[in-house]
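Notes to accompany the following structure.
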Amino acid sequence: MNLFVLDLSTAEGQSEYRRVLQTMNVDHPYYKGEFLDTFYDGLERARAFVLNDDTGEAVVVMPVYIRPIEASPGGITYYDSISTWGYSGPLLANNSEISVLCHFWSVVDRWYQENQVISEFIRFNLTGNHRFYSGTVVPGMHNIKGRIIEPDMIWKNYVHKVRTNIRRARKVGLTVKICHRTISEEEFKAFYKIFKHTLDRNNAETIYYHPSDKLKTFIRNNPESCLIALTLKDNIPIAAELVLISKDTIYGFIGGTLAEYFPLRPNEILKHEVIRWAVNNKKRYYVLGGGYGYDDGIFRYKKSFFPGDIIDFQTGRKIIDQEIYSKLSGIDYLEYRIDKDFFPLYRKCRVPYKDLHLK
């Protein structure tokens with residue numbers, strides 16, 4: 001088996017990456033090149049590890065960012081590796097044995113050693129791809145990965161307050177519009193207005209204001225992977241969510257609510273109708289994610305839809321060069337707890353917030 005590293009900052013690398021995803025039958029939205037470009041940090045430092053089998057077919061793919069480290073010692077430029085935002089890590093071809101990950105990590109680690117990469121941070125997806133990891137697996141916050149089952153059972157499993165709020169929303173005339181495949185300019189503008197309003201209301205950092213044109217282009221270029229749900233009051237959109245779609249899973253992604261309509265509880269009926277869409281389209285899971293803090297109010301709200309479907313979000317941490325890591329961090333490596341302390345420690349005061357966020 002051979003490892004190839006694609007440079008996604010080049011047109012050639014992007015084209016080959018699309019080809020690899022296609023041949024591996026990968027439809028996971030978080031792995032698309034357009035997703036990396038739109039929702040993370042562009043493609044300048046984006047790379048993709050591709051492991052080919054002996055016939056030349058790709059069996060594992062993993063996009064990462066290779067970042068230079070400022071003030072590297074000895075006049076040598078060192079780097080670290082961080083996975084793309086959200087749900088990432090290695091993705092296997094459909095017929096590959098998961099044990100192939102052992103070989104994948106061994107050749108990736110060798111590449112790191114040969115290219116002055118001293119540490120790695122991975123945000124794994126929720127399909128068990130943290131198994132066989134060659135570093136330290138550290139559980140993150142709880143996530144909700146709701147099972148899409150028989151509709152009556154889903155309704156029964158909602159906590160009482162969710163069912164009550166959906167009934168109240170219907171009584172005051174709220175409806176939900178599901179926009180998929182052909183999303184009009186008007187529907188996109190309604191979504192983006194609500195999304196921006198929500199960011200403004202929460203004094204969100206600049207990095208979360210995804211430009212309208214790039215977001216629109218991502219949706220237009222990935223019609224099967226994107227759904228916009230709008231809650232309407234008297235035909236006025238008052239809540240919205242962009243949902244990302246793969247073959248068997250949907251992912252609640254970004255959205256919001258117009259503040260003056262909070263009392264009408266438009267989000268419960270929105271998520272309920274998205275779930276109904278998932279049932280009708282034979283999806284198996286609805287990933288709602290976690291909160292901003294461990295089991296905070298946002299997480300508890302998401303849990304109210306799928307109380308029994310809680311899963312750990314796993315992260316991976318690895319130090320490839322202990323000596324350089326210690327020099328950069330100003331620590332005695334033997335006293336360092338890789339599973340407890342900030343990682344990588346040398347970026348504690350330098351790294352932008354988006355690189356700290358563990359979904």
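The values are calculated or read from the model by the stated rules, or taken from the named source; none is laboratory data. None of the values given here were measured: they were computed from a predicted structure. When we count neighbours, we look across all protein chains shown, and the Cβ atoms used for this are built from the backbone with ideal geometry, even at glycine.
Within the set Tyr192, Tyr261, Tyr251, the sole residue that is within 17 Å of the chain's Cα centre (by Cα) and touching a residue at least 12 places away in the same chain (Cβ under 8 Å) turns out to be Tyr251. The residues listed here are Lys233, Lys318; of these, the one that is under 30 Å from Leu345 (Cβ atoms) and either among the hydroxyl-bearing types (Ser, Thr, Tyr) or modelled with pLDDT of 95 or more (or both) is Lys318.
Just checking, how many residues over the range 110-139 are part of a strand (DSSP E or B), hydroxyl-bearing (Ser, Thr, Tyr) and surrounded by 20 or more Cβ atoms within 10 Å (Cβ to Cβ)?
Filtering the range 110-139 down to residues part of a strand (DSSP E or B) leaves 117-124, 136-139.
Those still in the list that are hydroxyl-bearing (Ser, Thr, Tyr) too: 119, 136.
Among the residues that remain, those that are also surrounded by 20 or more Cβ atoms within 10 Å (Cβ to Cβ) are: 119.
Going through the range 110-139 one residue at a time, the tally reaches 1.
Would it be correct to say that Gly140 is over 18 Å from Ala240 (Cα atoms) and in contact with a Gly (Cβ under 7 Å, 6 or more places away or on another chain)? So Gly140 does not fit the description; no. When the residues of the range 1-51 are filtered to those that are at pLDDT below 95 and within 19 Å of Arg110 (Cα to Cα), the one that is surrounded by the most Cβ atoms within 10 Å (Cβ to Cβ) is Met1.
Does any residue of the range 15-25 turn out to be in a loop (DSSP other than H, G, I, E, B) and either aromatic (Phe, Trp, Tyr) or touching a helix residue (DSSP H, G or I) at 6+ places or on another chain (Cβ under 8 Å) (or both)? Steps first, please.
Our first condition is that a residue be in a loop (DSSP other than H, G, I, E, B); within the range 15-25, this holds for 24-25.
Of the ones still in play, those that are also either aromatic (Phe, Trp, Tyr) or touching a helix residue (DSSP H, G or I) at 6+ places or on another chain (Cβ under 8 Å) (or both) are none.
No: the range 15-25 contains no residue that is in a loop (DSSP other than H, G, I, E, B) and either aromatic (Phe, Trp, Tyr) or touching a helix residue (DSSP H, G or I) at 6+ places or on another chain (Cβ under 8 Å) (or both).
Suppose the filter is farther than 30 Å from Val159 by Cβ, touching an Asp or Glu at 6+ places or on another chain (Cβ under 9 Å) and modelled with pLDDT of 95 or more; does Arg347 pass it? Spelling it out, it is not the case that Arg347 is farther than 30 Å from Val159 by Cβ, touching an Asp or Glu at 6+ places or on another chain (Cβ under 9 Å) and modelled with pLDDT of 95 or more. Taking the range 48-68, which residues are more than 17 Å from the chain's Cα centre (by Cα) and either within 30 Å of Asn143 (Cβ to Cβ) or outside any loop (DSSP other than H, G, I, E, B) (or both)? Once the filter is applied, which keeps residues that are more than 17 Å from the chain's Cα centre (by Cα) and either within 30 Å of Asn143 (Cβ to Cβ) or outside any loop (DSSP other than H, G, I, E, B) (or both), the range 48-68 yields Phe49, Val50, Leu51, Asn52, Ala58, Val59, Val60, Ile66, Arg67, Pro68. I need the full set of residues from the range 243-270 which are over 22 Å from Phe39 (Cα atoms) and in contact with a Phe, Trp or Tyr (Cβ under 6 Å, 6 or more places away or on another chain), in order please. Within the range 243-270, no residue meets the criteria. Arg300 meets the conditions (1) in a helix (DSSP H, G or I); (2) in the same structural domain as Ile166 (by TED's automatic domain parsing) in every case but one. The failed one is (2).
When residues in the range 36-60 are screened for being under 24 Å from Val287 (Cα atoms) and either of a type in the set (Asp, Glu) or in contact with a Phe, Trp or Tyr (Cβ under 7 Å, 6 or more places away or on another chain) (or both), 6 of them pass. Screening Thr182 with (1) part of a helix (DSSP H, G or I); (2) surrounded by fewer than 13 Cβ atoms within 10 Å (Cβ to Cβ) gives one miss only, at (1).
If only one of Gly289, Gly293 is over 24 Å from Glu186 (Cα atoms), surrounded by fewer than 18 Cβ atoms within 10 Å (Cβ to Cβ), of a type in the set (Gly, Ala, Ser) and out of contact with any Phe, Trp or Tyr (no Cβ under 7 Å at 6 or more places or on another chain), which one is it? Spell out the reasoning first.
On the way: Gly289 fails: surrounded by fewer than 18 Cβ atoms within 10 Å (Cβ to Cβ).
Gly293 is the lone residue from the list that is over 24 Å from Glu186 (Cα atoms), surrounded by fewer than 18 Cβ atoms within 10 Å (Cβ to Cβ), of a type in the set (Gly, Ala, Ser) and out of contact with any Phe, Trp or Tyr (no Cβ under 7 Å at 6 or more places or on another chain).
The set of residues from the range 161-174 being touching a residue at least 60 places away in the same chain (Cβ under 8 Å) and either part of a strand (DSSP E or B) or of a type in the set (S, T, N, Q) (or both) comprises just one member, Asn165.
If you check Ile245 against the conditions, is it β-branched (Val, Ile, Thr), surrounded by fewer than 21 Cβ atoms within 10 Å (Cβ to Cβ) and modelled with pLDDT of 95 or more?
Working: β-branched (Val, Ile, Thr): yes; surrounded by fewer than 21 Cβ atoms within 10 Å (Cβ to Cβ): no; modelled with pLDDT of 95 or more: yes.
Judged against the criteria, Ile245 is not a match.
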